[in-house]
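The values are calculated or read from the model by the stated rules, or taken from the named source; none is laboratory data. Because the structure is a prediction, the values reported are computed rather than measured. Virtual Cβ from ideal backbone geometry, glycine too; neighbours counted across all protein chains shown. Note: areas computed on protein heavy atoms with side chains; ligands, DNA, RNA excluded. Shrake-Rupley method; radii C 1.70, N 1.55, O 1.52, S 1.80 Å.
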Amino acid sequence: MVEVSGLGKTVDNGGEPLTILQDISFSVMPGETVAIVGASGSGKSTLLGLLAGLDSPTAGEVRLDRESLNGLDEDQRARLRGRLLGFVFQSFQLLPSLTALENVMLPLELAGTTSAADTARDWLTRVGLGHRLKHYPKHLSGGEQQRVALARAFAPNPQLVLADEPTGNLDAATGQQIIDLMFDLNAKQGTTLLLVTHDEAIAARCGRILRIQSGRLAT
């Protein structure tokens, strides 16, 4: 599902090159759950952005479902993301002008799903928010917003879900509920999951852990 070879990312830091990632190589098989862990600033979120094609590497290659991201333009990468990926972000990333139902419907409509409203309603019910369909994000708690984000990520039936610190903005009890729900949904859907986290207990629930130290994979 994911093949990473010699991946590197360097940026300009006031006229001096700053290496964020260097010589990262790994693969993830369909259905695997993999945690990416490391200290703050180690390059975890940068790696996730490169895997999603939201950023471009300065070296190496990412292949998703055997298709290389190298050489794809922005529109082609967006189409690939729409076909393969679901996202769960630390800051939820819900559109404030849309209701919970409309937020979940959006990727379904972009994918051309004819029953987007019914599918979105079903998924919000599955995450315990069937009574909050018409509420806007500002009227939802952090935990409720992340439940909407989970429904939005899984509703299009993606092959791969990328989660970036999904409990980072939640209290411990709510975060535990969200993690339990995410792993439950993932298992039922048979989705491949790549999870960035600093929480060792969450990482331990994944089938495999990749550790990043100073921009490199630890051996």
#### Entry: Under the Karplus curve 6.51 cos²θ - 1.76 cosθ + 1.60, θ = phi - 60°, whole-Hz ³J(HN,Hα) for the stretch 126-132, x wherever Gly or Pro sits
4, 9, x, 10, x, 9, 10
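Over all directions, how big on average is the projection of the convex hull of the alpha-carbon atoms in the stretch 95-197, in square nanometres?
If I average the Cα hull's projected area over directions, I get 6.1 nm².
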### Query
Which one of E102, E200, E61 has the biggest mean-square fluctuation once the chain is modelled by GNM with Cα springs under 10 Å?
E200
### Query
Setting aside same-chain residues fewer than 8 positions from K44, which lysines have a Cα under 23 Å from its Cα?
K9
### Query
Summing Lys, Arg as +1 and Asp, Glu as -1, what charge do residues with Cβ under 14 Å from the Cβ of L133 carry, L133 excluded?
+2
### Query
Where does the chain land at 222 nm, in deg cm²/dmol rounded to the nearest 500, when only DSSP H runs of n ≥ 4 count, each adding -39500 (n - 2.57), divided by all residues?
-10500 deg cm²/dmol
#### Entry: Amide H contacts under 5 Å for L21, placed H, 5+ residues apart
K9
### Query
If contacts are Cα pairs under 8 angstrom and at least 6 residues apart, what is the relative contact order of the chain in percent?
31 percent
### Query
Quick one: accessible area per residue over the stretch 128-219, 1.4 Å probe, rounded to a whole number of Å²?
45 Å²
### Task
Report the convex hull volume per residue for the chain, counting only C-alpha atoms, in Å³.
131 Å³
### Summary
Inter-part gap, Cα centre of the stretch 1-73 to Cα centre of the stretch 104-143, in whole angstrom, is 30 Å
### Task
Quote the relative contact order of the stretch 3-82 in percent (integer), defining contacts as alpha-carbon pairs under 8 Å separated by 6+ residues.
33 percent
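Ratio to report: Rg/Rh of the stretch 13-67, with Cα atoms as the point set and Rh obtained by the Kirkwood method; give two decimals.
Working: Rg = 12.7 Å, Rh = 12.9 Å.
With Rg and the Kirkwood Rh in hand, the quotient comes to 0.98.
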## Note on the structure
Spelling it out for E32: with amide H atoms placed in the peptide plane at 1.01 Å from N, the residues 5 or more places away or on another chain with amide H under 5 Å from its amide H are L193
### Query
Which of D171, D122, D23 moves most in a GNM of the chain, Cα contacts under 10 Å?
D171
### Query
Could the peptides 67-73, 153-159, 5-11 be put in order, highest first, of the mean number of other beta-carbon atoms found within 10 Å of their residues?
153-159, 5-11, 67-73
